[in-house]
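Notes follow the structure.
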Amino acid sequence: MLHLRSASAERWLRQVDERLDEVLIDHAHCERKAATTALGLMNAYVDDVELGREMGRIVEEELEHYWMVLDLLGRRGIGFRRLSPGPYGRRLHELVRSGEPGRAIDRLLIAGLIEARSCERFRLLSDHVRDRDGELADFYAGLFESEARHHATYVRLAEHFTGGDRSAVRQRLDELSGAEAEIIAEGSPLARMHS
């Protein structure tokens, strides 16, 4: 369902255990960036009304999640601050083709893969902390469904730019998913949601 080629390594859960505050702060940044990505797609492809409608919904949900994470940080006494971004998003966006419609397809599929990885990480995080932090476990379990829905929406909308050619979208998704698996396997020393 999520089109991921790999599962997250135990290394990431060790980062969560060692620097949970940073991972939570980064999560807030991820939600803000996800809203920005959806708004950017809406602006880039203004003539695609269905895409605009779906991106509008995603913007609203991502901003709602952003505020939810900020509230969680506040309840835990964790100050929100700027963090250096990890390399994950930058490296994925380097794979975007320059010409249309390839650019649109890649932007949508990469957004979808980021949502899929977030979805996988939310479930992992929820399961990992369940015995010691029920509030956090429930919080991340509650976000899983919307991230999975966003992933499916991005993949479906990519078909708009192939004239409905699902096989072309699936082929490119497979290519990008393979690259995403390599990037996530390399990881990052920074404790981030996608490190």
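The values are calculated or read from the model by the stated rules, or taken from the named source; none is laboratory data. Just so it is clear, the structure is predicted and the values come from calculations on it, not from any experiment. So basically every Cβ, Gly included, is an ideal-geometry build from the backbone, and we count neighbours across all protein chains shown.
Please tell me if G99 is touching a helix residue (DSSP H, G or I) at 6+ places or on another chain (Cβ under 8 Å), surrounded by fewer than 18 Cβ atoms within 10 Å (Cβ to Cβ) and either part of a loop (DSSP other than H, G, I, E, B) or touching a residue at least 12 places away in the same chain (Cβ under 8 Å) (or both).
no
For region 4-96, which fully contained helices (runs of 4 or more DSSP H) count at least 2 residues that are within 14 Å of the chain's Cα centre (by Cα) and either in contact (Cβ under 8 Å) with a residue 24 or more places away in the chain or farther than 22 Å from A111 by Cα (or both)?
Helices (runs of 4 or more DSSP H) meeting the threshold: 20-44, 49-75, 88-93.
Please enumerate the residues belonging to region 175-193 that are closer than 16 Å to R103 by Cα and either without any contact (Cβ under 8 Å) to a residue 12 or more places away in the chain or β-branched (V, I, T) (or both).
Correct list: E175 only.
Given F161, F122, which one is surrounded by 15 or more Cβ atoms within 10 Å (Cβ to Cβ), modelled with pLDDT of 95 or more and among the aromatic types (F, W, Y)? First the steps, then the outcome.
On the way: F161 fails: modelled with pLDDT of 95 or more.
The unique qualifying residue is F122.
From (1) in contact with a helix residue (DSSP H, G or I) (Cβ under 9 Å, 6 or more places away or on another chain); (2) exposed (fewer than 13 other Cβ atoms within 10 Å of the Cβ); (3) in a helix (DSSP H, G or I), pick out the condition that doesn't hold for Q171.
(1)
Please go through region 174-195 and pick out each residue that is acidic (D, E) and surrounded by 15 or more Cβ atoms within 10 Å (Cβ to Cβ).
E180
For region 25-32, does any single residue satisfy the condition of being more than 25 Å from A185 (Cβ to Cβ), of a type outside the set (S, T, N, Q) and modelled with pLDDT of 95 or more?
yes
Inspect region 140-155 for any residue being more than 24 Å from V49 (Cβ to Cβ), among the aromatic types (F, W, Y) and surrounded by fewer than 19 Cβ atoms within 10 Å (Cβ to Cβ) and give the result as yes or no.
Yes - at least one qualifying residue is present in region 140-155.
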